[in-house]
Amino acid sequence: MKKTIAVLAGDGIGPEVMVEGIRVLDSVAQKFGHDFEYDYALVGGAAFEVFGEHCPISTIETCANADAILFGSVGGPVNAQDDQKWKSCEANSILALRKEFKFNINIRPIAMIPSLMDISPLKAKVVQPKADIVIFRELNGDIYFGAHEQGVDDNGVRYATDVAEYNEHQIASIVHQAFKATQNRGKHLTSVDKANVLATSKLWRTIVDEIAPQYSDVKVSHMYVDNCAMQMIVNPSQFDVIVTANLFGDILSDLGAVLPGSLGLIPSVSLNAEGFGLYEPSGGSAPDIAGQGKANPIAQILSAAMMLEYSFNMLEEANAIYQAVNRALTSGKRTIDIVGSDAVAVSLSQMADAIIAEIMEASLV
């Protein structure tokens, strides 16, 4: 099968982990008889250097002509944010793509990896039985897209206002997708809001309750976001699928990503109503270690696996990557961020080598 993939490596460690993700995809193509065509485009600071903007029209066109987007990371050093190359780089890149392609659903799977239990910041008794959560985060509404204002009032007092907005259609779209995913998992959906305070959350909860009868095989729980944050730390195994608004999802998904021990292990996908997707690792551009071979390529590799699963319906191929990652980690191969106490750190390319070897050596079903 031939598929065209728009490759946006970005900045920092983005290009080097992308190389490893492409190598893994090439191994899958070789083993399963596919043809993946890569169409490269610039984004973030890399694009600004050439075009004077973070997400140029040529990049948008490249993505529009592809079957899926494989994204790396964007952004520069924290102490250089006033530089025009880096100022608002992430917002101008990611939000521009979300707006252009109407990505309204972000899906982030967070699963404990048995061979890495020792590196989780939580005690083994807390994450056992194995925590396995999928977070559905709405992307097109909430406080990020409402009106923003800063000023000084008549008394000389500085103020700021950010408006959170949702309509029923935005909420219903992601809630339906979360219910469908839950039906194929543990059949327990937790809807997270702040309905005791926020009008947007009250509408959110109402829509969830209206839709719930259509999925009678799914148990639905409502949870306030502050309690959810606590529960994800004290008892993460209670959760199956979480669905929540943009702001809460932003925070909870990053909190949850820490559970396995490193952001370098967590992939994600952003989808629109037509199923077109952007796949990216959850970690940042980490410019402090860029070019040193220390980055963890696993989140990028798993993002590629999610692309095979969600966009291309190549379930066997995606599972081959998932299993290869687990086997490589079990064998003791670890990058420096996940090395723990019983393994020796390897470089990002050596980590990818181990995963590729596992893919190529495994028997086809």
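Observations on the structure shown:
- Residue selected from the range 335-347 under the condition in contact (Cβ under 8 Å) with a residue 60 or more places away in the chain and either buried (at least 24 other Cβ atoms within 10 Å of the Cβ) or of a type in the set (S, T, N, Q) (or both), by the criterion farthest from His34 (Cα to Cα): Ser341
- Asp209 being among the acidic types (Asp, Glu), free of Cβ contacts under 8 Å to residues at least 40 places away in the same chain, within 30 Å of Gly76 (Cβ to Cβ) and not assigned by TED's automatic domain parsing to the domain that holds Ala96: no
- Residue list for the range 50-88, restricted to those being assigned to a loop (DSSP other than H, G, I, E, B), more than 24 Å from Asn272 (Cα to Cα) and free of Cβ contacts under 8 Å to residues at least 24 places away in the same chain: Gly52, Gln81, Asp82, Asp83, Lys87
- Out of Ala47, Ala29, Ala6, sole residue that is small (Gly, Ala, Ser) and part of a strand (DSSP E or B): Ala6
- For beta carbons closer than 6 Å, sequence separation of 6+ or different chains, a first residue in the range 271-285 that is under 18 Å from Leu308 (Cα atoms) and a second that is in a loop (DSSP other than H, G, I, E, B) and of a type in the set (Asp, Glu), there are no qualifying pairs.
- Any hit, the range 247-255, residues being hydrophobic (A, V, I, L, M, F, W, C) and surrounded by fewer than 14 Cβ atoms within 10 Å (Cβ to Cβ): no
- Residue that is nearest to Lys99 (Cα to Cα), among those in the range 240-277 that are within 13 Å of the chain's Cα centre (by Cα) and among the charged types (D, E, K, R): Asp250
- The set of residues in the range 258-314 being buried (at least 23 other Cβ atoms within 10 Å of the Cβ) and of a type in the set (Phe, Trp, Tyr) consists of Tyr279 alone.
- Within the range 97-112, if we keep just the residues that are out of contact with any Ser or Thr (no Cβ under 9 Å at 6 or more places or on another chain) and part of a helix (DSSP H, G or I), the residue that is surrounded by the most Cβ atoms within 10 Å (Cβ to Cβ) turns out to be Glu100.
- Subset of the range 39-63 (residues that are within 21 Å of Leu271 (Cα to Cα), among the charged types (D, E, K, R) and out of contact with any helix residue (DSSP H, G or I) (no Cβ under 9 Å at 6 or more places or on another chain)): Glu61
- All positions within the range 293-322 that are without any contact (Cβ under 8 Å) to a residue 60 or more places away in the chain, closer than 18 Å to Ile266 by Cα and outside any helix (DSSP H, G or I): Lys294
- Gly186 vs. criteria in a loop (DSSP other than H, G, I, E, B), touching a strand residue (DSSP E or B) at 6+ places or on another chain (Cβ under 9 Å) and within 18 Å of Tyr215 (Cα to Cα): yes
- Between Ser88, Ser93, the distinction of being more than 21 Å from Ser303 (Cβ to Cβ), small (Gly, Ala, Ser) and either assigned by TED's automatic domain parsing to the domain that holds Tyr279 or in contact with a His (Cβ under 6 Å, 6 or more places away or on another chain) (or both) belongs to Ser88 only.
- Applying the condition of being aromatic (Phe, Trp, Tyr) and under 17 Å from Ala6 (Cα atoms) to the range 278-322 and asking which residue is nearest to the chain's Cα centre (by Cα) yields Tyr279.
- Residue satisfying all of: in the range 80-132; closer than 18 Å to Gly264 by Cα and of a type in the set (Val, Ile, Thr); modelled with the highest pLDDT among these: Ile107
- Qualifying residue in the range 274-292 (condition: in contact with an Asp or Glu (Cβ under 6 Å, 6 or more places away or on another chain) and part of a helix (DSSP H, G or I)): no
The values are calculated or read from the model by the stated rules, or taken from the named source; none is laboratory data. For clarity, every value in this text was computed on a predicted model and none was experimentally measured. Cβ atoms come from the backbone with ideal geometry, glycine included; neighbour counts cover every protein chain shown.
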